[in-house]
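In what follows, a single structure is set out as structure tokens and then discussed.
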Amino acid sequence: MAASPTTGRGRPDSLDHMIRLTSLTRRYGRTTAVHDLTLTVRSGHVTGFLGPNGAGKSTTLRMILGLTAPTSGTVTVDGVRFRDRPRGLRHVGALLDAADVQGGRGAEAHLRALARSNGIPRSRVDATLREVGLAGVARRRVGGFSLGMRQRLGIAAALLGDPPVVLFDEPFNGLDPEGVRWVRGLFRELAGQGRTVFVSSHLMSEMEHCVDRLVVIGRGRLLADQSLAEFAATSGGSTVSVRTPQEGALTARLTAEGGVVRAEDDGTVTVTGLSAARVGDLAAAHRIPVHELVTRTPSLEQAFMALTATSVEHRAGEVAR
């Protein structure tokens, strides 16, 4: 189900629509879901929001939207609490749960109701349905939609007010490959227009393809707030892969230099503690031929697992005690 390339969107009137969290905390009895969270999500980027189950991501998104009140601290969008805006969809669009739609309504009727309550022109309903690829089923009841179609409708609702800030929770669920590719492009387009795009998902492979920056939390606390490249480099640690016909000689030289060397089943050796440039210089200095020399940066998933290893609430395979 292809989406129309025609968006009908303009650029935001400001290029600095920030989400700002300051000492944000939410407690449920003795449980602290979010603890003293301070961060700024800036415009012009696709910012990924990651964390293990129970990390506090959903609670944080709900507090941004005024659906859950913080126990302490503040959260504002463009300097104002979302709940203080009478026509919120003009300022912030969000998809939190694609299933949270009245199934007896048609897609068009659902968006029209949202448009009327937020003072949004009716023309935006038609334009948004075309954009997400649902124009052909606009009057079909949402209860008969597949999960992927519901996801598209949820995205349409988030875009309806042409907002400068958009939040998406698990936006890839139920989408086919074409839909996933379209969503990636949509996020890039929105950020390129100067909007603030904040995306939460457990699908690391998709996040790796579409985000510029990452915010990671664990047990309600901030663990990382940095670019994707910085996160992969600092959280997982880079290694150097070397292929040489004189493995023993090179291993001895690298070990003497302080490197840690591990032989791999494919005939290469993995080196940690030394850069690729230093490995190459040592090999050249001792006339050891090198057939392959590659720096390997960990995947987003590997870096994420390393960073959050002590923050996982429920670990599979553990024996109950």
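Bear in mind that the values in this text are calculations on the coordinates, not laboratory data. Everything numeric in this text was worked out from a predicted model, so none of it was measured. Every residue, glycine among them, receives a Cβ derived from its backbone with ideal geometry; neighbour counts consider all protein chains shown.
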Problem - Interchain or long-range residues, amide H under 5 Å from Gly106's placed H - result: Val142
Completion exercise
Taking a ≥ b ≥ c as the square roots of the eigenvalues of the Cα gyration tensor, with a/c under 1.5 meaning rounded and otherwise prolate when a/b exceeds b/c and oblate if not, region 107-206 is oblate
Exercise for the section: Please list, in chain and number order, the residues 5+ apart from Leu274 or on another chain whose amide H is under 5 Å from its amide H, with Hs placed from the backbone. Expected result: Val260
Fill in the blank from the handout: Net charge (Lys, Arg +1; Asp, Glu -1) of residues whose beta-carbon lies under 15 Å from that of Leu61, Leu61 excluded, is +2
Handout entry: Shape call, region 238-295: gyration tensor on alpha carbons, a/c limit 1.5
Key = rounded
Practice task
Pull out a ≥ b ≥ c, the square roots of the eigenvalues of the alpha-carbon gyration tensor of region 56-118, then state rounded if a/c is under 1.5, prolate if not and a/b is larger than b/c, and oblate in the remaining case.
Solution key: oblate
Exercise for the section: Please build a GNM for the chain, connecting alpha carbons under 10 Å apart, and tell me which residue among Thr270, Thr31, Thr47 fluctuates the most. Expected result: Thr31
Fill in the blank from the handout: Semi-axes in Å, largest first, for region 170-260 (Cα gyration tensor, √(5λ)) are 38, 18, 12
Completion exercise
Rounded to the nearest 10 degrees, the helix 147-159 long axis (Cα) sits at an angle to the longest Cα principal axis of the chain of 70 degrees
Exercise for the section: Compute the acute angle (0 to 90°) between the alpha-carbon long axis of helix 276-285 and the principal axis of greatest extent of the alpha-carbon atoms of the chain; round to the nearest 10°. Expected result: 20 degrees
Exercise for the section: Would you grab the residues whose amide H sits under 5 Å from the one on Thr71? Only those 5+ places off in sequence or on another chain, please, with H modelled 1.01 Å from N. Expected result: Thr25, Arg26, Arg27
Practice task
Give a quick list of trypsin sites (Lys or Arg not before Pro) in region 119-164 that DSSP marks as loop, anything other than H, G, I, E or B, with at most 12 other Cβ atoms within 10 Å.
Solution key: Arg139
Problem - Where the Cα pairs of the chain fall when distances are cut into 10 Å bins, in % - result: 6, 23, 26, 20, 13, 8, 3, 0
Problem - DSSP-defined beta bridges in the chain - what % are antiparallel, rounded to 5 - result: 65 percent
Problem - Crossing angle, helix 122-132 versus the chain [Cα axis fit, 0-90 degrees, rounded to tens] - result: 30 degrees
Problem - Choice from Leu111, Leu147, Leu50 with maximal GNM fluctuation in the chain (Cα, 10 Å cutoff) - result: Leu147
